[in-house]
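Quick notes on the structure that follows.
The values are calculated or read from the model by the stated rules, or taken from the named source; none is laboratory data. Since the model is a prediction, treat every value here as computed from it, not as a measurement. Positions of Cβ are generated from backbone atoms using ideal geometry, with glycine treated the same way; all protein chains shown enter the neighbour counts. Accessible surface is based on the protein model in full, side chains and every heavy atom, while ligands, DNA and RNA are left aside. Shrake-Rupley method; radii C 1.70, N 1.55, O 1.52, S 1.80 Å.
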Amino acid sequence: MIPTIRWEDNCIYIIDQRNLPREKECLVCHTLQDVITAIKEMAIRGAPAIGVAAAMGLALGSQSIKTGKYGVFRRRFLEMAQQMKSARPTAANLRWAIERMIKLVERMHNKNVEEIKEAVRNESRIILERDIEINLKIGHNGLELIPDRATILTHCNAGALATCGYGTALGIIRAAYEAGKDIHVIADETRPLLQGMRLTAFELMEENIPVTVIVDSAAGYLIRKKMIDLVIIGADRIASNGDVANKIGSYQLAVIAKENKIPFYVASPLSTFDLDLKKGDLIPIEEREPGEVISFAGHQLGPEGVDAFNPAFDITPSRYISAIITEKGVLQSPYKSSIRNLFGARDDRGKDIRGKGR
Ligand code: MRU
């Protein structure tokens, strides 16, 4: 698998996901603005990958700040961070990565600017490397939930392409397959941008993991026919009560899964949790261009001038979620306390974050 994102010769190379798998091309970002555009236009997408792109984009942008004065550097860096924040509103990882970079710059207030630039670049590399380790842990932690023989439904793409490697929901599927379990994946096509059909199916086929694509509206039929053993999805943001924002269509899958008594799992790194939010309804939901709905593969199929509405994510209330699999373990209901206990320990840099949730 080609790396989702990498830094080379002072440029950021992003595998352009808009035309995968038909075209396997890299987008070369020379500036902060190039990276922001790549995130907005979804050349790179998926919450963890967006976080890494944000960190790298800021590192790239910071190299172009021409000053030797800390105050001037900090001001320009904060302006860049502000611009980056507006790229996509729902994924918590974007803000998480930006805040981590800002904290680093502020901690280094007594260092010279060249050292800070170097540290910022290094931090983005650490975030990338850590993302892969986290996904491997999520895969390992989720393994026990997967029966030896299972047909697994997934929605959108929470795989290597949505991260820096291995994936979250697909990481668990990969781990199960690597452990010798007899796995068959059913991938929802995921309208309107078809991340399930284009990206999830592509990724799994590259590794010979059996996959079948269905249209989104077929999922209920398959679940009711007992053709699915469990559902696993990723997450874009998780509120402190365990409500999950993920790709539009996730909520209806969760409701149908519960109605038919099959488990509905969410796989997610801790960087996707937003402990500042009490419940999912407070998560901002991105609304994208109506044109994405009425067009298919660049051709407008809807009538000229037709109205369309295109929310990119929805909220699944935590009562529909059987477990949330993280790199630190598997969370179960009641989520408010299991999340508090998990974060109450320490964050991944050893910092005590007790009391952060409101
Ligand atoms: O709009 P996208 O393609 O960025 O949406 C991606 C998803 O909804 C993923 O499921 C989520 O980001 C988790 S990725 C590990």
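Only one of the listed residues (245, 254, 267, 235) is of a type in the set (Gly, Ala, Ser) and touching a Lys or Arg at 6+ places or on another chain (Cβ under 8 Å). That residue is 245. Taking every residue in the range 95-106 that is under 18 Å from residue 277 (Cβ atoms) and pairing it with any residue that is polar (S, T, N, Q) and at pLDDT 95 or above, at least 6 positions away or on another chain, the pairs with Cβ-Cβ distances below 9 Å are 96/271; 96/272; 97/124; 97/271; 98/82. Those helices (runs of 4 or more DSSP H) of the range 46-122 in which at least 2 residues are buried (at least 24 other Cβ atoms within 10 Å of the Cβ) and within 16 Å of the ligand (Cβ to nearest atom), considering only elements entirely within it, cover 47-63, 92-107.
So for the range 8-28 (the condition being part of a helix (DSSP H, G or I), of a type in the set (Asp, Glu) and either open to solvent by 10 Å² or more (accessible area, probe 1.4 Å) or touching a strand residue (DSSP E or B) at 6+ places or on another chain (Cβ under 9 Å) (or both)), does at least one residue qualify? Scanning the range 8-28 turns up no residue that is part of a helix (DSSP H, G or I), of a type in the set (Asp, Glu) and either open to solvent by 10 Å² or more (accessible area, probe 1.4 Å) or touching a strand residue (DSSP E or B) at 6+ places or on another chain (Cβ under 9 Å) (or both). Among the criteria (1) within 16 Å of the ligand (Cβ to nearest atom); (2) outside any loop (DSSP other than H, G, I, E, B), the one residue 284 does not fulfil is (2). For the range 53-68, state whether one or more residues are touching a residue at least 24 places away in the same chain (Cβ under 8 Å), of a type in the set (D, E, K, R) and under 18 Å from residue 115 (Cβ atoms). No, the range 53-68 has no match at all. Specify the residue that is nearest to residue 310 (Cα to Cα); the eligible residues are those in the range 181-219 that are among the β-branched types (Val, Ile, Thr) and in contact (Cβ under 8 Å) with a residue 40 or more places away in the chain. Residue satisfying both the conditions and the ranking: 190.
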